[in-house]
Amino acid sequence: MNKIDYALSKMPLLNIFSSKKMIHNQIVNRLGAQPFRIWLAEKRYGIRPKFLTDETSPHIKTLREKGIIVIPNFLPQEIFEQLEKECHHAIENLEPSVKREDGPNFYTNIANQRLKEYSTINAVLGNKKIEQYFKAAERRDVDIKKIVRLLSCLIQGEDNAKKDPETTLHEDTFFNTHKAWLYISDVEYKNAPFVYVKGSNNNKITDRYNKSYKYSLGKGNIHSRRISNEELNELNLEETHFLAKKNTFVMANTLGFHRRLRGEAGSKRIALAFSARFNPFI
């Protein structure tokens, strides 16, 4: 939680203007706080500077419309080959910053602060082209050093009774916010590809106002809202599975509906991951 959100959390009514996914006050929610937050965040986003460049402009147009962009061969081949070697060496030799079981699967990451000795990884995590994409996507003067940057590894476990929560379609939060991945591995069906519903980042298409209002009234609804097959069918939207070769850069607006597929046991997916989530009202 950043300093602004921490200060707002001490004043219950002002929680409306925090980046918290939900407000934990049923009176405020019944008055329509969540639809209001969605509307206000959308309006605030719309009046921010665009930060477009000749290179990012066509991709950002697609990102606005579809919610996702895919750019193959993102780095020069010789740089990517060195990056690939360093990523595998780091995963094999460094203790993860985070270890987590997602149902039967195993997820680890290494934070950027622990990767300083790897010159190519460090350079890509500070890549100015990636910074420009985040500036244009977020519509704010983003310093890439201010966003979350990780080397991530997902290993598919054996099937069991546990379910990976990330395999259920969901929206991360109520406002435009972006994540990106530079794939170090080829992404195939066996290693759990990313799934996105194109256009679901658009509030007018998804009727997010009514759905979020109803969700806000449920007890204990503090997590990302899950999307049922029935809702998807009602919206006449469908999933797209994003298979990709290594050295592909993917950026998605995680206000839109997304998940990952279940892969084959033992399969591994490695990526450099970037995530920006700022207060939407400032």
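The values are calculated or read from the model by the stated rules, or taken from the named source; none is laboratory data. Source: prediction; values computed, not measured. For neighbour counting, all protein chains shown are included, and Cβ atoms are generated from backbone atoms with ideal geometry for every residue, glycine included.
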- prompt: Going by the structure shown, is Ala276 buried (at least 17 other Cβ atoms within 10 Å of the Cβ), of a type in the set (A, V, I, L, M, F, W, C), within 21 Å of Ser152 (Cα to Cα) and touching a helix residue (DSSP H, G or I) at 6+ places or on another chain (Cβ under 6 Å)?
  reply: yes
- request: Give the residue that is nearest to Asn25 (Cα to Cα), with candidates limited to residues of region 191-207 that are surrounded by fewer than 23 Cβ atoms within 10 Å (Cβ to Cβ) and free of Cβ contacts under 8 Å to residues at least 60 places away in the same chain.
  value: Asp207
- request: Mind counting the residues in region 83-116 that are polar (S, T, N, Q), assigned to a helix (DSSP H, G or I) and surrounded by 17 or more Cβ atoms within 10 Å (Cβ to Cβ)?
  value: 1
message: Residues that are in a loop (DSSP other than H, G, I, E, B), out of contact with any Cys (no Cβ under 9 Å at 6 or more places or on another chain) and surrounded by fewer than 17 Cβ atoms within 10 Å (Cβ to Cβ): does region 208-215 have at least one?
response: no
message: The conditions are (1) among the polar types (S, T, N, Q); (2) surrounded by fewer than 18 Cβ atoms within 10 Å (Cβ to Cβ); (3) in a strand (DSSP E or B), and Asn160 fails exactly one of them. Which is it?
response: (3)
Matching residues, region 96-148, being of a type in the set (Asp, Glu) and over 25 Å from Pro165 (Cβ atoms): Glu117, Glu131, Glu138, Asp141, Asp143
statement: Of those in region 235-282 that are in a loop (DSSP other than H, G, I, E, B) and of a type in the set (A, V, I, L, M), the residue modelled with the lowest pLDDT is Ile282
field: Filter result (charged (D, E, K, R) and under 25 Å from Leu94 (Cβ atoms)) within region 124-142
entry: Glu131
message: Looking for something acidic (Asp, Glu), over 14 Å from the mean Cα position of the chain (by Cα) and either modelled with pLDDT of 95 or more or not in a loop (DSSP other than H, G, I, E, B) (or both) - is there at least one such residue anywhere in region 172-181?
response: no
query: Going by the structure shown, is Phe51 touching a strand residue (DSSP E or B) at 6+ places or on another chain (Cβ under 6 Å) and either of a type in the set (Lys, Arg) or in a loop (DSSP other than H, G, I, E, B) (or both)?
result: no
- line: Scanning region 129-154 for residues that are touching a helix residue (DSSP H, G or I) at 6+ places or on another chain (Cβ under 8 Å), part of a loop (DSSP other than H, G, I, E, B) and of a type in the set (D, E, K, R), the one nearest to Leu75 (Cα to Cα) turns out to be Asp143
statement: Cβ pairs under 9 Å, 6+ apart or interchain, first in region 40-67 and loosely packed, with under 14 Cβ neighbours inside 10 Å, second of a type in the set (Asp, Glu) and modelled with pLDDT of 95 or more, ordered by first then second residue, are Arg48/Glu138; Pro49/Asp141
